[in-house]
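Q: Below are the structure tokens for one structure; questions will follow.
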Amino acid sequence: MMMHTTLAQLRALKLDGLASGLEEQLSLPGMGAMSFEERLALLIDREVHCRGDRKLARLLKQARLKYGQATIEDIDTRPTRGLDRRAVLSLALGDWVKSGHSVLISGATGTGKSWLACALAQYACRQGYSAVYQRVPRLQEELRIKHGSGAFGKWLLQLAKTDVLVLDDWGVGAIDSSTRSDLLEIIDDRAGSKATIIAAQLPIEHWHAWIGDATIADAILDRVMQHHHRFVLTGETMRGKAQKMCKDEGAIDQAPAQ
């Protein structure tokens with residue numbers, strides 16, 4: 001009866017990992033041979049891992065990554081793709097998030113830019129960092145709504161605190177003067193302190209023309225290029241291969257480019 005009360009109290013205190021570990025210990029006869037200190041260490045370790053899993057789930061939910069299943073371990077680094085696995089792993093394992101560096105990913109449609117961006121953001125979440133995924137074409141409409149509702153200022157402050165911002169489909173479609181100014185505000189808040197990943201079909205040398213305003217373009221490029229890591233993906237589209245594999249295997253859902 002006392003143990004049932006203890007387990008209930010542990011769960012009331014949100015110590016679910018510790019409670020589950022204790023239940024498991026009670027069901028294993030061999031645990032009696034372990035000392036109190038050893039059993040306590042195992043219980044604390046269980047709680048730490050449980051909290052880590054909950055935190056990761058929360059961070060990934062908040063990030064709303066386009067490819068939530070993307071991981072750096074699964075990145076396709078065949079020579080034809082122009083992507084060096086050592087460079088990706090060196091970046092992922094480095095301090096680019098803590099140092100507020102930019103990661104610039106460019107390449108033709110279907111070469112896996114979004115997938116790589118999401119894989120890097122997902123790994124950052126695994127390290128305990130927060131992330132947010134945004135498609136620039138959709139962001140443009142969201143910015144209009146936020147300005148109209150008066151929520152832009154509060155949203156901008158929240159975004160400035162996010163450790164990793166993914167701006168996908170950068171350079172797709174024209175942007176208006178208000179969006180140009182907003183992008184500068186967003187990037188200026190992050191320069192040198194928070195990491196930004198930009199995935200674009202448009203080559204970097206054409207970004208200035210896409211932004212449209214010379215002064216704003218200079219300011220944006222100056223900030224994202226200060227401390228940056230660049231990946232240029234090459235080779236044939238990965239989407240066609242993924243679709244063909246799905247058909248060959250009788251799959252229904254389309255697999256993402258990697």
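Q: Mind checking which residues of the stretch 156-169 are more than 16 Å from the chain's Cα centre (by Cα) and surrounded by 15 or more Cβ atoms within 10 Å (Cβ to Cβ)?
A: Within the stretch 156-169, LEU156 is the sole residue that qualifies.
Q: Restricting attention to the stretch 62-73, does a residue exist that is more than 18 Å from the chain's Cα centre (by Cα) and at positive phi?
A: no
Q: Return only the number of the condition from (1) part of a helix (DSSP H, G or I); (2) touching a residue at least 24 places away in the same chain (Cβ under 8 Å) that ILE198 does not satisfy.
A: All conditions pass for ILE198, except number (1).
Q: Failed condition for ASP45, given (1) over 30 Å from ASP189 (Cβ atoms); (2) surrounded by 15 or more Cβ atoms within 10 Å (Cβ to Cβ), with all others met?
A: (2)
Q: Yes or no: the stretch 182-196 includes at least one residue that is within 18 Å of the chain's Cα centre (by Cα) and surrounded by fewer than 16 Cβ atoms within 10 Å (Cβ to Cβ).
A: Taking every residue of the stretch 182-196 in turn, at least one turns out to be within 18 Å of the chain's Cα centre (by Cα) and surrounded by fewer than 16 Cβ atoms within 10 Å (Cβ to Cβ).
Q: Kindly indicate whether VAL132 is among the β-branched types (Val, Ile, Thr), over 24 Å from HIS208 (Cβ atoms) and under 18 Å from the mean Cα position of the chain (by Cα).
A: When the stated conditions are applied, VAL132 passes them.
Q: Shifting gears a bit: Go through the stretch 72-81 and give me each residue that's over 20 Å from THR196 (Cβ atoms) and in a helix (DSSP H, G or I).
A: Result: GLU73, ASP74, PRO79, THR80, ARG81.
Q: GLU37 passes all but one of (1) modelled with pLDDT of 75 or more; (2) touching a Ser or Thr at 6+ places or on another chain (Cβ under 7 Å); which number fails?
A: Failed condition: (2).
Q: Sticking with this structure for a sec: From (1) surrounded by 22 or more Cβ atoms within 10 Å (Cβ to Cβ); (2) farther than 25 Å from LEU202 by Cα, pick out the condition that doesn't hold for LYS113.
A: Unmet for LYS113, out of (1) surrounded by 22 or more Cβ atoms within 10 Å (Cβ to Cβ); (2) farther than 25 Å from LEU202 by Cα: (2).
Q: Out of everything in the stretch 213-226 that is at pLDDT 90 or above and either in a loop (DSSP other than H, G, I, E, B) or of a type in the set (Val, Ile, Thr) (or both), what residue ends up being nearest to SER178 (Cα to Cα)?
A: ILE216
Q: Between GLN25, GLN69, which is of a type in the set (S, T, N, Q) and assigned to a helix (DSSP H, G or I)?
A: GLN25
The values are calculated or read from the model by the stated rules, or taken from the named source; none is laboratory data. Note that the coordinates shown come from a computational prediction; the quantities given were computed from them, not determined experimentally. Quick reminder, even Gly has a Cβ in these numbers, built from the backbone with ideal geometry, and neighbours come from all protein chains shown.
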